[in-house]
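One structure is given here, and the rest of the page talks about it.
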Amino acid sequence: MTPQPTVGGSERNAAPVRRSPWLTILLVYLAGVVAAMSYGKFSSVGPSMAEQLGLSLSQLGWVISAVVGVGAVAGLPAGYLVRRSGTGRALVAALALMAAASALSAAAGSFAWLLAARVAEGAGYLVVTIACPALILHLAEERDRGLALSVWATFVPVGIGVSTLAGGATGEALGWRGWVLLIAGLTLLTTVAVRMRLPRPSASGAAAGPVPGARALAWPALLTASFCLMVLVTMPVVVLLPTLLIDRHATSAGAAGALTSAISFAGVLGGLSVGVLLRRGVPLAALAASGLLVVPAAWLTYVADGPLAAAAAGAGVVSLENGLLGALGFAALPLVLERLDHADVGTGMVAQMGSVGALLGPPLFGLVAGAYGFGAVVPVIVAGMLASVGAMLLVTRHVARRARSAGAA
């Protein structure tokens, strides 16, 4: 097994230092952003679509969440599928599937048609979220992997944010079908660009080496369990924030939506900060321990009888940590894999566990808050974050031990 280096680290070698292909890495990242735009494309045009198609709120919810549901069920198997077919080919095929499914959904005339197209789109989205980080991991040089993967971790909030901002105005001008067709066209253009730019199958094809078994995936499993718990208890804070602001602070719907959108972008800053901090030598354990800040932030958001600014500040910290810990999970992944060519299966695990957290978190919080009030979700957040940070600290201890062993060899 080739020893894994510390994230962001570098060594002096006799050979000349190779540069990471940042333009290609950026294109792979943009493919993820476009996929996330497709994931969130119905958020801003949902009401008009539901009115035209006669959808209930429950049916609209199924259409929106079907993409995450596919990931929650099939993330790990999809990782093995990507490994078999090759990350480059899988990414191109997945983007093409998303483009076709998006175009079909624009022609939908019923809930069944729309849901079927959305499930197909979810399958493509799942493969994109597996293939892209695996490709980035292989393309980036060792010293750049932490930075590249932490940037990748911001693709969901960036994509959904852009989609939400653009979808409202575009939907009003072109209708919801025109907006969906625009997303389909953008996805198709991205497919062509990725196909032309990616290295040939020798560099992005099927992975060589043995298929990882259960023992090889033990530490990645602990890492992804930590990731799942973090998503489970932090993402709903932002998702349900408009309801909290309207019910408890008498905020208007428009102001609550704008404030929530701004707070959600704090997650992008958190994700980007990981790469910078790792390049500056900040220990993985210190970044993992920062997740404990979510505990007082949750209290400030839900329990403290303070002004709107206090609740917004608490939610902002939670959003920041959501982005930071998510990026840390991606950056730490190559350090817990036994072999680098296990990255496709590892990212499949991340996709599945993250989807499980995203799927279960909002209804869990809604159930608890509806029965006992918003203050009752704080113990849930505390328990989830303590378990998540504890698991991540075990992972960072394992990484440090491996680094010491590699240095002594």
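The values are calculated or read from the model by the stated rules, or taken from the named source; none is laboratory data. Note that the coordinates shown come from a computational prediction; the quantities given were computed from them, not determined experimentally. Cβ placement follows ideal geometry from the backbone for every residue including glycine, while neighbour counts extend to all protein chains displayed. Each accessible area value is taken on the protein alone, full model and side chains, heavy atoms only, with ligands, DNA and RNA left out. Shrake-Rupley method; radii C 1.70, N 1.55, O 1.52, S 1.80 Å.
Quick notes on this one:
- Total residues in the range 293-305, condition surrounded by fewer than 21 Cβ atoms within 10 Å (Cβ to Cβ) and either charged (D, E, K, R) or in contact (Cβ under 8 Å) with a residue 40 or more places away in the chain (or both): 4
- Assessment of the range 121-132 against the conditions (free of Cβ contacts under 8 Å to residues at least 24 places away in the same chain and more than 30 Å from residue 284 (Cα to Cα)) yields no matching residue.
- Filter result for the condition that a residue is modelled with pLDDT of 85 or more, in contact with a Ser or Thr (Cβ under 8 Å, 6 or more places away or on another chain) and of a type in the set (Val, Ile, Thr), over 268, 194: 268
- Restricting the range 21-48 to residues that are open to solvent by 10 Å² or more (accessible area, probe 1.4 Å) and assigned to a loop (DSSP other than H, G, I, E, B), the residue that is farthest from residue 125 (Cα to Cα) is 21.
- Leading residue by the ranking (most open to solvent (accessible area, probe 1.4 Å)) among those in the range 49-63 that are of a type outside the set (S, T, N, Q) and closer than 14 Å to residue 106 by Cα: 53
- Residue ID - most open to solvent (accessible area, probe 1.4 Å), chosen from residues in the range 185-195 that are under 21 Å from the mean Cα position of the chain (by Cα) and closer than 12 Å to residue 102 by Cβ: 186
- Selection within the range 269-292 - open to solvent by 20 Å² or more (accessible area, probe 1.4 Å), touching a residue at least 40 places away in the same chain (Cβ under 8 Å) and either of a type in the set (Phe, Trp, Tyr) or within 23 Å of residue 158 (Cα to Cα) (or both): 269, 272, 273, 276, 279
- Selection status of residue 238, part of a helix (DSSP H, G or I), among the β-branched types (Val, Ile, Thr) and open to solvent by 20 Å² or more (accessible area, probe 1.4 Å): yes
- Restricting the first member to the range 384-409 and to residues that are farther than 23 Å from residue 230 by Cβ, and the second to residues that are surrounded by fewer than 22 Cβ atoms within 10 Å (Cβ to Cβ) and of a type outside the set (Asp, Glu), the beta-carbon pairs closer than 6 Å and six or more apart or on different chains are 403/6; 406/3.
- Per-region count, the range 243-259, residues surrounded by 12 or more Cβ atoms within 10 Å (Cβ to Cβ) and polar (S, T, N, Q): 2
- Within the range 358-380, at least one residue is within 14 Å of the chain's Cα centre (by Cα) and part of a helix (DSSP H, G or I).
- Sole residue being within 30 Å of residue 124 (Cα to Cα) and open to solvent by 30 Å² or more (accessible area, probe 1.4 Å), chosen from 324, 335, 308, 364: 364
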